[in-house]
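The structure appears right after this line, and notes come after that.
The values are calculated or read from the model by the stated rules, or taken from the named source; none is laboratory data. Everything numeric in this text was worked out from a predicted model, so none of it was measured. Glycine also receives a Cβ, built like all others from the backbone with ideal geometry; neighbour counts cover every protein chain displayed.
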Amino acid sequence: MTDRLTTGDATRRAVLGDAHVERTQAASTALDAPFQRLVVETAWGTLWADDTIARRERSMITIAILATIGNDAELALHIRATARTGASREDVIQALMHVAVYAGVPRANHAIRIARDTFAEMDAAP
């Protein structure tokens, strides 16, 4: 493993949890393995591993971007990750209020519904 791949794997596990990473790795095929490596090295081994800004803030930025572009599955994933990044539910709502002002109320409204449902699932989990 390269340093960025090793760092990326550790960072990804810290943010998304071992269970998510193991599910993703188990589902990987020869076709998507190069893409998975790219994501782990760049997103997790470079961007998320950089400590210029804290994971809490990086989490809020990511949630706002995903809400803005309408990437619902990744949005829910990163909302669940707030349990590990230190971003509070109030932080998430503040990020989504920025989405409302800068990207549109419909996007924020939809994202808030996803956040509400995701937090309810998290609360109901054992």
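Observations on the model:
Residues checked against (1) surrounded by 14 or more Cβ atoms within 10 Å (Cβ to Cβ); (2) within 14 Å of Val15 (Cβ to Cβ):
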residue: Pro34; (1), (2): no, no
residue: Thr42; (1), (2): no, no
residue: Ala49; (1), (2): yes, yes
residue: Thr52; (1), (2): no, no
residue: Ile79; (1), (2): yes, yes
residue: Arg89; (1), (2): no, no
residue: Tyr102; (1), (2): no, no
residue: Ala115; (1), (2): yes, no
residue: Met122; (1), (2): no, no
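- Annotation: Ala27 fulfils all but one of (1) within 25 Å of Glu121 (Cα to Cα); (2) of a type outside the set (D, E, K, R); (3) buried (at least 20 other Cβ atoms within 10 Å of the Cβ); the unmet one is (3).
- Pairs meeting the criteria (first residue in the stretch 35-60 and outside the structural domain of Ala87 (by TED's automatic domain parsing), second residue assigned to a helix (DSSP H, G or I) and exposed (fewer than 13 other Cβ atoms within 10 Å of the Cβ), beta carbons under 8 Å, at least 6 apart or on different chains) are Gln36/Gln25; Gly45/Asp3.
- Condition check for Asp3: farther than 19 Å from Phe119 by Cα, free of Cβ contacts under 8 Å to residues at least 24 places away in the same chain, exposed (fewer than 15 other Cβ atoms within 10 Å of the Cβ) and acidic (Asp, Glu): no
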